[in-house]
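I have a structure here, written as structure tokens, and I will follow up with some questions on it.
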Amino acid sequence: MLPTPSTSHVCFDRVYEPAEDSFLLLDTLSSTSEAAFLLERFAKAQSAPPLVLEVGVGSGVVLAFAAANAGRIFGHQDVLTLGTDINSFACKAAAQTIRTAITEHEQNTSISLDVVNGDLASCILPNSVDVFIFNPPYVPAELPDFARHGDYNGLPDGQKKTTFEQDSYLLELSYAGGEDGMVVMNRMLEQIPEILDAGRGVAYVLLCAQNKPEEVKQRIREWSPGWRAETVGSSGKQAGWEKLQVVRIWKEEA
Amino acid sequence: MKLLTLNFLTCAIKACKSSPASFPLHPRDVELEIVESDINLPFLKNILPRLMWAELRTIAAELGLPELPETAPTRDHLVEGKEEAKEGEEVDEVPSQTARDLHRVLLETTVKEGKLVCGNCAHEYKVMEGVPNFLLPGHLV
Ligand SMILES: C[S@@+](CC[C@H](N)C(=O)[O-])C[C@H]1O[C@@H](n2cnc3c(N)ncnc32)[C@H](O)[C@@H]1O
Ligand SMILES: [Zn+2]
């Protein structure tokens, strides 16, 4: 087992605390079968460092893990990591998590670009992402009221502390996924074909049972010829309703 | 925010993506901060094919940084020569001035405060405490 990056500096009152879903992503990315797939996809006589983008980094635990273990996972000692989150507190927390994880691995030469505050991957240059990761807000629950976002996305004017309402709002952003828990994910799926590198890009997204994963995968396969979607990791099989899975999305040469 | 990050960012407005003017974003009214780090020669060599050289040159010029060479350096341009190796020791490659400049511009020069401006729609994205904010009112409906 590869070590989990430290997130002890993160305040979990307003940033999503690593949970079963986060750990399923770590386990999946470092599983023998995914490592084999990624090595074969990225090691092929290519020296340019892969760009790994995670949307919704939260504490940064997943992206930090990918960067710190780049050699094992991607066959590259150096990857570039880029993150986004809608929650500015998460952006700052994650940047630190990633920096720490990279510097703790001595031979590791990955470069942490930045964690930007934004909506999904809307500010990412098309056709540039090699590995995409998203653990979305996936719980079927009403979306929070975004009208307050501007006020709640930073410290209140002149204050050093957030309010309770603000923290609740920021945490809601991390789990509430609207109808079927799919509203945010559906918007993300629309962006995936555009941001992924047309040749070697691959995406990992997390779904729960209520997201109707079989239907989601079928829809992806119908994007256009060549698109593939397969479950490559799962957890909580007996736990009842919150069964989680990681779906790999990629395109094979037609 | 590192300048290398600008190599991968564009305007968040959908209609701008098809316009070449939306890349790169232009730093405006910025406060730069130099955050020193160890130079990583293998990384610099490997990143070369991913750099949008003309665009990076534009950004460096706009920021008043030392001019980058007109054409992108090759891997060899980044190496000074071999350090005299002692018996049985590994030979270390020495970064050239070009490599050191590149390291300085791409990785050590950061935007702390200021704006990033789209060349197509003129939208200004704020950078605060080193974090750029790409949220648009329309995103959050
Ligand atoms: C379930 S948490 C996952 C956090 C972290 N990646 C992990 O696995 O532990 C979902 C994250 O997505 C972020 N998020 C929600 N909506 C978003 C959006 N539209 N754009 C970017 N990030 C978003 C939340 O703020 C939260 O940090
Ligand atoms: Zn624009």
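Roughly what would the spin-label model give for A:Glu179 and A:Phe12, points 7 Å off Cα along C-beta, in nm?
In this crude spin-label approximation the distance works out to 3.4 nm.
What do you reckon, how do A:Asp151, B:Asp92 stack up by accessible area (1.4 Å probe), largest on top?
A:Asp151, B:Asp92
Something else: Gaussian network model of chain B, Cα springs within a sub-10 Å range: biggest mean-square fluctuation belongs to which of B:Thr58, B:Thr71, B:Thr110?
Most flexible of the set in this elastic network: B:Thr71.
Mind listing which trypsin sites (Lys or Arg not before Pro) in the stretch B:1-75 are in a DSSP loop and have 15 or fewer other Cβ atoms within 10 Å?
Counting only loop positions with at most 15 other Cβ atoms within 10 Å, the trypsin sites (Lys or Arg not before Pro) in the stretch B:1-75 are B:Arg75.
Whats the longest run of chain B with zero GluC sites (Glu not before Pro) that are DSSP loop and have at most 14 other Cβ atoms within 10 Å?
Counting at most 14 other Cβ atoms within 10 Å as exposed, the longest clean stretch of chain B is B:91-128.
Considering only protein heavy atoms, with the full assembly of protein chains and a 1.4 angstrom probe, order B:Val30, A:Val246, B:Val131 by accessible area, largest first.
Order by accessible area, largest first: B:Val30, B:Val131, A:Val246.
Report, to one decimal in Å, the Kirkwood hydrodynamic radius for the stretch A:63-132 based on all distinct Cα pairs.
Hydrodynamic radius (Kirkwood, Cα only) of the stretch A:63-132 equals 12.4 Å.
Let me ask something additional. Accessible area per residue, 1.4 Å probe, Å², for the protein assembly as shown: what's the number?
46
Of A:His105, A:His76, which has the most accessible area and how do the rest follow, probe 1.4 Å?
Sorted descending by solvent-accessible area, the residues read A:His105, A:His76.
Anyone know which of A:Thr109, A:Thr231, A:Thr163 comes out most mobile in the 10 Å Cα GNM of chain A?
A:Thr163
Where does the stretch A:20-251 land on Rg/Rh, using Cα atoms and the Kirkwood Rh?
0.96
For the protein assembly as shown, give the magnitude of the charge dipole about the Cα centre (Cβ charges: +1 Lys/Arg, -1 Asp/Glu; no others), in debye to the nearest 20.
840
Here's a follow-up. Take chain A, connect every pair of alpha-carbon atoms lying under 10 Å apart with a spring to form a Gaussian network, then pick out the residue of A:Gly71, A:Gly158, A:Gly236 with the largest mean-square fluctuation.
In the Gaussian network model the winner is A:Gly158.
Give a residue-ordered list of calculated ³J(HN,Hα) values for the stretch A:13-21 (Karplus: 6.51 cos²θ - 1.76 cosθ + 1.60, θ = phi - 60°; whole Hz; x for Gly, Pro).
6, 9, 10, 4, 7, x, 9, 3, 5
Something else now. Take every DSSP beta bridge whose two residues both sit in the protein assembly as shown, then give the antiparallel share in percent to the nearest 5.
That works out to approximately 60 percent antiparallel.
Sorted by mean Cβ packing within 10 Å, highest first, what order do the peptides A:181-189, A:141-149 take?
Result, highest mean first: A:181-189, A:141-149.
Taking only the Cα atoms of chain B, how large is their convex hull per residue, in Å³?
Convex hull of Cα atoms, per residue: 125 Å³.
Here is a further query. Computed from the mean reciprocal separation of all distinct C-alpha pairs, what Kirkwood hydrodynamic radius does the stretch A:1-95 have, in Å?
Result for the stretch A:1-95, one decimal place: 13.8 Å.
Roughly what % antiparallel, to the nearest 5, for the DSSP beta bridges in the stretch A:20-251?
45
Enumerate lysine pairs in chain B that are 8 or more residues apart or on different chains, then count those whose Cα atoms are under 15 Å apart.
5
Over all directions, the average projected area of the alpha-carbon convex hull for the protein assembly as shown comes to how many nm²?
Across all orientations, the protein assembly as shown yields a mean hull projection of 20.8 nm².
Taking every residue in B:69-76, how many Cβ atoms of other protein chains lie within 10 Å of its Cβ, on average?
The per-residue average across the peptide is 0.
Less than 19 Å apart at the alpha-carbon level, and either on another chain or at least 8 residues along: which aspartates and glutamates does that give for A:Lys160?
A:Asp13, A:Asp151, B:Glu129
I need the P(r) histogram for the stretch A:139-254: all alpha carbon pairs, bin width 5 Å from 0 out to the longest distance, whole percents.
All Cα pairs, binned at 5 Å, distribute as 2, 10, 17, 18, 15, 12, 11, 8, 4, 2, 1, 0 percent.
Can you work out ³J(HN,Hα) from phi for every residue in the stretch B:70-77, in order, using Karplus 6.51 cos²θ - 1.76 cosθ + 1.60 and θ = phi - 60°, giving whole Hz and x for Gly and Pro?
Computed from phi, the couplings for the stretch B:70-77 are 4, 10, 4, x, 9, 4, 5, 4 Hz.
Once you have a ≥ b ≥ c as the square roots of the Cα gyration tensor eigenvalues for the stretch A:77-197, tell me rounded if a/c is under 1.5, and otherwise prolate or oblate according to whether a/b is larger than b/c.
In terms of gyration-tensor shape, oblate.
The values are calculated or read from the model by the stated rules, or taken from the named source; none is laboratory data. Predicted model, so just to flag it, every value in this text is computed and none were measured. No Cβ is skipped: glycine too gets one built from the backbone with ideal geometry, and neighbour counts run over all protein chains shown. For accessibility, only protein heavy atoms count, side chains too; no ligands or nucleic acids. Shrake-Rupley method; radii C 1.70, N 1.55, O 1.52, S 1.80 Å.
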